Every structure is written in structure tokens, then in C-alpha cells.
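The values are calculated or read from the model by the stated rules, or taken from the named source; none is laboratory data. A quick note: this is a predicted structure, and the numbers were derived from the prediction, not measured. All Cβ positions, glycine included, derive from the backbone under ideal geometry; neighbour counts span all protein chains shown. When the accessible area is computed, the model is the full protein with side chains, heavy atoms only, and any ligands, DNA or RNA have been set aside. Shrake-Rupley method; radii C 1.70, N 1.55, O 1.52, S 1.80 Å.
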Amino acid sequence: MMADNAAIRRRGRGSGACGLLAATGVLIAVAACGGAQGEGSAQDQAENASYARVVNVEVEAVEPRGFNRIIRVTGVARAMRDVVVSAQEQGVVRRIVRDKGQPIRMGQAILRLDDAILQAQVRTAAAQAELADELWERRKKLYEEDGIGSEVSYLEAKYVAEQNRGSLAALQERLARTTITAPISGTLDARIVELGSMVSPGTPVARIVQTDSVKILAGVPERYALDLSVGASVSVVFDVVADEILGASITYVGAAVDPDSRTFPVELTLPNPGRRIKPEMVASVAIVQEELSGAIVVPRQALVAMEEGHVVFVVEGSGEEAVAVARRVRISASQGNEAVIDEGLEAGDRVVVVGQQGLTAGDRVRIVPGGAGGEG
């Protein structure tokens, strides 16, 4: 460390235009800047010898604290459930029950199709089923109680009755499907067909979105593939609520990397009271990659780059005895304007954060509470 300080003291102290040249043990004073010679030179040397540079600096005392390494990505909000409702029967739209923009509960009607033909078919099937049941009951009584009739006739009546009941149930189900209902609760975001439209099975008729909570989808660069897992802490910020940081955790981590973007998908869930977050909104997502406790953290501005690495200046002593000491440090992690130091600093060290660029090891310093550091 003493060798480092000596090297840093030599940095910035090059030979000036006025200097002392030593030749064969005899000191010759050279006045290259128009300075006085003879007795005047000796007086100037005495005054220069008594002058000591003092640099104004600002310091921060470092203390162990928590530090999070963050991965910042951009995400997009998606509805928790987004369903396009399709017709299951053929028919003409005869009534619009609920229009777009309205809240809707699961099972509530959206629109109704013309069901006149199906109602007639249901009445016919119901009559046939009733007749078949009556015949079955009579043959059953005759065969089982009186022994009249053959087993074939007995079974035939039984299965005809069951067949007719099945046909009636199928027609009743088709009739029920002429009323198109919501498969989920949410908001009727779009109605795709108009009154009088002809629809067939599979024709999209409406869209329902559920946004009481939302999913955030984001792509994370593949270099972090081994650092993330389900449950990692996340903070999310939307432009529309920029003053509010929403907390969540990762609920899904993709198993494959997209070959085009070289990212893998992650997903998280957020509550959405008041439905302020709308699908397709863009979010700033900060994922906690690593949590450190008891870390020594300094502002990046305190680091001074050297050929051999980085150093920071630490103030030792107090009052007129305060001097700057250079410490070579090793950076283990960084995030934003902060760097984690795992070698070279200890808790309680006073690190120079303003004025360090004009320092050399061994300089006297004056600690000031604020403002740019300068020479005093």
C-alpha cells in the first residue's frame, strides 16, 4: 500500500518550468520563469518550503448495508384472461342483451339468436320422448309382472325410450346455446356482430377481458438465464402511475430462448384495483438478480481509474492533520451509480466523493459539508 501511495504521489507532480537540477553533487538554481537570483532565490525557496497545499473535499463514511443487483427490462401488460366468444349454433342475431364496455358475470347473456325452429324441434322431441316412455312403462309392466310379450319387445321399448330422451336433451342443449353467454367474468370489451347478422358455429361474436389483476410479460437477455427463477422479487413502474412502484414476484420463467431476440420470457402477476392498468401498457420492470447483505458500497464517482485498476481516496486524521490516503480497491458488483467494494475498504472509512480528481496521496485535506472541492 505504501508503494501505491508513492506511485500516486508521483502522478500529477511532473517537473515544472522552474526546477532544481542536480549535477555532480552541486545544486544549481535555475530561474527559468524570471525569478530573482542570488539572495532573492534563497528567500523564495524558504517560502515555498513552508507552503503546503490543502484541498477541499467532501466525504462519505461507508457502512455495511444491503445491496441489490438489478436486471432492468421492459414489459407489457396483458389481461389476466382475454377470451373471444364464438357462436355454437347457427342463426340470425335477434337481440343484443349487453353492449361493449359493460361489466359482465360468467353465465350472463350477451346476445340471442333466432330459436324458432329449434323450439319447434324441441316440442316434437318432447312429445316423442313422452310417448316412448309411456310405451316402455306399459311393456315393462306386462313383461315383468304378467309375463306377457317377448324379451326383444321389452328391450326394444326400453332403448327407444332412452333414445328419445337423448334426442330431446340434445335439442334442448342446442336451444340453450342460441343464447350466447359469457364464459368468464370481466368487461365486454368488444361486440363483433350486429343485430340481424347471420352466424354459424365458430363465428366470433364478442371479446371479454378480465383485468382485476394483470400479467406482465417481459423478455430477459439470455446471459441472465441461470440467475432467475420463479419467486424472484420484482418492482414495476408504469408511466401512468410513475410515482408508484408496484411489487410482485416472478410466476413463470420460460424454458427456451427466442432465437431472434436472444431473450427468454418471464411472467408476473399484479393486482389491478380500479383497473388503472390496461392491457398493452408498457412497464419498466426491475428484477432482483442478487441480494447482498453487509456490503461496502461507494458512489462510482469516488473511484479513480489507474493503470493497475481503481483506487479511492480515504481521509485519515482530523483537523490540520487530515491527509488523503489512496486505497487500491476491488469491485465485485455495480448498479447504477453505486459499486460494491469487496477489498480495500472497511466500515467507517471516510471516502472522498468530491475533489478526488485533484488529489494525490499524502495531500492535506479540509473536509467541507458541500459544494465542489477545490484548493485552499
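Considering only residues in the range 263-275 that are at pLDDT 90 or above and in contact with a Ser or Thr (Cβ under 7 Å, 6 or more places away or on another chain), the one that is surrounded by the fewest Cβ atoms within 10 Å (Cβ to Cβ) turns out to be Pro271. Counting only residues that are open to solvent by less than 60 Å² (accessible area, probe 1.4 Å) and within 20 Å of Arg276 (Cβ to Cβ), the range 216-243 holds 8 of them. Is there a residue in the range 293-302 that is under 15 Å from Leu217 (Cβ atoms) and at pLDDT below 95? There is no residue in the range 293-302 that is under 15 Å from Leu217 (Cβ atoms) and at pLDDT below 95. Assessment of the range 350-358 against the conditions (of a type in the set (D, E, K, R) and more than 30 Å from Ser233 (Cβ to Cβ)) yields at least one matching residue. Of the residues making up the range 276-302, those that are assigned to a helix (DSSP H, G or I) and either surrounded by 15 or more Cβ atoms within 10 Å (Cβ to Cβ) or of a type in the set (S, T, N, Q) (or both) are Gln301, Ala302.
Just one of the numbered conditions (1) open to solvent by 80 Å² or more (accessible area, probe 1.4 Å); (2) at pLDDT 95 or above; (3) not in a helix (DSSP H, G or I) is not true of Ile148: (2). For Asp189, the conditions (1) part of a helix (DSSP H, G or I); (2) surrounded by 14 or more Cβ atoms within 10 Å (Cβ to Cβ); (3) among the acidic types (Asp, Glu) all hold with the exception of (1).
Scoring Thr179 on the criteria (1) within 34 Å of the chain's Cα centre (by Cα); (2) touching a residue at least 40 places away in the same chain (Cβ under 8 Å) leaves a single failure, condition (1). Scanning the range 303-348 for residues that are touching an Asp or Glu at 6+ places or on another chain (Cβ under 9 Å) and assigned to a loop (DSSP other than H, G, I, E, B), we see that the one that is least open to solvent (accessible area, probe 1.4 Å) is Ala322. Given the criteria under 30 Å from Gln90 (Cβ atoms), in contact with a Gly (Cβ under 7 Å, 6 or more places away or on another chain) and either in contact (Cβ under 8 Å) with a residue 24 or more places away in the chain or crowded, with 16+ Cβ neighbours inside 10 Å (or both), does Val209 qualify? In short, yes. As a summary of the residue check, Gln119 satisfies the conditions (1) surrounded by fewer than 15 Cβ atoms within 10 Å (Cβ to Cβ); (2) under 24 Å from Ile277 (Cβ atoms) except for the one numbered (2). One residue stands out among those in the range 60-95 that are open to solvent by less than 50 Å² (accessible area, probe 1.4 Å) and not in a strand (DSSP E or B): the one that is nearest to Glu290 (Cα to Cα), which is Val62.
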